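The values are calculated or read from the model by the stated rules, or taken from the named source; none is laboratory data. Quick caveat, the model's predicted, so the values are computed rather than measured. Glycine gets a Cβ as well: all are built from the backbone with ideal geometry, and neighbour counts include every protein chain shown. Heads up: the accessible areas ignore ligands, DNA and RNA and are worked out on the full protein's heavy atoms, side chains in. Shrake-Rupley method; radii C 1.70, N 1.55, O 1.52, S 1.80 Å.
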Amino acid sequence: MTHFQRNDLREKLFSGKKVYGTCITSNAPRWPQLVASAQLDFVFLDTEHIALDRAELSRMCRTYQAMGLTPIVRIQSPDPYRASQVIDDGAIGVIAPYLESIDQIRDLVGATKYRPLKGEKLEAILDGNTKPKAELKTYLDEYNKGNLCIANIESIPAVDKLDELLSIEGLDGVFIGPHDLSINMGIPEQYDHPDFIKTVKIIIAKARKYTLGVGIHFSLDPQRQIFWVKEGVNIIIHSSDMALFSQRLRVDMDLIKAASGDHEGDSSKNDATI
């Protein structure tokens, strides 16, 4: 079993290395061992779109930690209290969805890098009106060592103010939501549209400018991931257990039905996108 170091993933990102993971939706007991066998760095646990309660999520986070994988959790909304909660539950990285304002990212930084500090004192520090005393700073740095703060960028209003958003101290990475971004752009699921490609390239370039990790999540074939890795993506979030199972099952069933004379057409291009 791999020995888990809380800050391994953060150190990899800031040393310029690529990190690899997938989205996990199942909490089946044998699943973590199977996932770990794929030599991944992290698992993406999505509570925005997947029905996971707090106890389930905590068991999954702590199990994957024990397997040597970093659990990164997307919370339901940009809520700093929920962000702190999921870290208490075992998350190492936190992604907040649909961030469009400085205050939202600043609050996420506060929740992931300054917990358990809250209230007016935290506000004053985040506003830059005061600095924590040396003893408190040492405590908070150690208490939150290795935590990852990741912003979900998935709208044009966010893209239009990337310099303001991504320059906030304490932010570690950007997670591009291709589905919501394409919807916001008015070109639903047109991931090869020139405007979509141009916009994603802008996000990647801005993230790299501020030395942030950047990832994009697709549940399609690996070639799409490879394309974006060549464009600068270094957080590779490939597919999900649900999508991979669905895609493989359809391919296998198509082959079996074709061999049995009951072929109903190719369904392999359908996608389960989260």
Q: Any chance you could look up the accessible area of V109 with a 1.4 Å probe, heavy atoms only, rounded to 10 Å²?
A: 10 Å²
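Enter the per residue convex hull volume of the stretch 1-126, computed from alpha-carbon coordinates, in Å³ rounded to the nearest integer.
On the way: hull volume 14.3 nm³, N = 126.
Expressed per residue, the convex hull around the Cα atoms of the stretch 1-126 is 114 Å³.
Over the stretch 38-111, with every protein chain in place, what whole percent of the accessible area is carbon and sulfur at 1.4 Å, could you tell me?
Summing carbon and sulfur atoms, their accessible area is 48 percent of the total for the stretch 38-111.
Set the Förster distance to 30 Å, then compute FRET efficiency between I256 and R30 from the Cβ-Cβ distance, nearest 0.05.
Values: r = 25 Å, r/R0 = 0.83.
It comes to 0.75.
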Q. Once Lys and Arg get +1 and Asp and Glu get -1 on their Cβ, which of P71, S37, V109 lies farthest toward the positive end of the dipole of the stretch 1-116?
A. S37
Q) Hey, which aspartates and glutamates would be in cross-link range of K12, C-alpha to C-alpha under 17 Å, not counting anything within fewer than 8 residues on its own chain? A) D41, D172
Q.
Considering all projection directions equally, how large on average is the shadow of the alpha-carbon convex hull of the stretch 155-274, in square nanometres?
A. 8.3 nm²
Q: Only Lys, Arg, Asp and Glu count, each charged at its Cβ (+1, +1, -1, -1), so figure out the dipole size of the chain about its Cα centre, rounded to 20 debye.
A: 960 debye
Q.
Whole-Hz ³J(HN,Hα) for each residue in the stretch 170-182, computed from phi via Karplus 6.51 cos²θ - 1.76 cosθ + 1.60 with θ = phi - 60°, x for glycine and proline: what do you get?
A. x, 6, 10, x, 10, 10, 8, x, x, 5, 5, 5, 5
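About the Cα centre of the stretch 1-106, what is the dipole size in debye to 20, counting +1 per Lys and Arg Cβ and -1 per Asp and Glu Cβ, all else neutral? Could you put the intermediate results ahead of the total?
Values: 12 positive and 12 negative charges, 77 e Å.
Taking the Cα centre of the stretch 1-106 as origin, the dipole is about 380 debye.
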Q.
Through the Karplus equation 6.51 cos²θ - 1.76 cosθ + 1.60, θ set to phi - 60°, convert the phi angles of the stretch 211-223 into ³J(HN,Hα) values in whole Hz; use x for Gly and Pro.
A. 6, 9, x, 8, x, 9, 10, 10, 9, 9, 5, x, 4
Q) In the set (i) 18.6, 58; (ii) 19.5, 75; (iii) 19.5, 62, which value of Rg and Dmax of the Cα atoms in Å was calculated from the structure you see? A) (ii)
Q: Please list the non-local residues whose amide H lies under 5 Å from the amide H of S240, H modeled 1.01 Å from N, same-chain partners needing a gap of 5 or more.
A: C23
Q. Which value in nm describes the separation of the simple spin-label points at H263 and R59, placed 7 Å from the Cα toward the beta carbon?
A. 4.3 nm
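Which value, in Å², gives the accessible area per residue of the chain when a 1.4 Å probe is used on the protein heavy atoms? Can you show the working numbers first?
On the way: 13620 Å² over 274 residues.
Accessible area per residue: 50 Å².
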Q. What does the accessible area of T25 come to, in Å² to the nearest 10, when a probe of 1.4 Å is used?
A. 30 Å²
(Q) Over 31 Å between Cα atoms: which of K118/K201; K118/K230; K137/K230; K230/K257; K17/K161 fall into that group? (A) K118/K201; K118/K230; K137/K230; K230/K257
Q.
At a threshold of 8 angstrom on Cα-Cα distance, excluding pairs fewer than six apart, so keeping six or more, what relative contact order does the stretch 28-118 reach in percent?
A. 26 percent
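Carbon and sulfur atoms: what percent of the 1.4 Å accessible area of the stretch 181-231 do they account for? It would help to have the intermediate numbers written out before the result.
On the way: 1390 of 2550 Å².
Carbon and sulfur: 55 percent of the exposed surface of the stretch 181-231.
Could you grab the relative contact order for the stretch 151-274? Cα pairs under 8 Å, six or more apart, rounded to a whole percent. Walk me through the numbers on the way to the answer.
Working: 155 pairs, mean separation 25.4, N = 124.
It comes to 20 percent, rounded to a whole number.
If R₀ is 41 angstrom, what is the calculated FRET efficiency for the pair K161 and D221, using the beta carbon separation as r and rounding to 0.05? If you can, show how the numbers build up before the last one.
Numbers: r = 33 Å, r/R0 = 0.81.
That pair, K161 with D221, gives E of 0.80.
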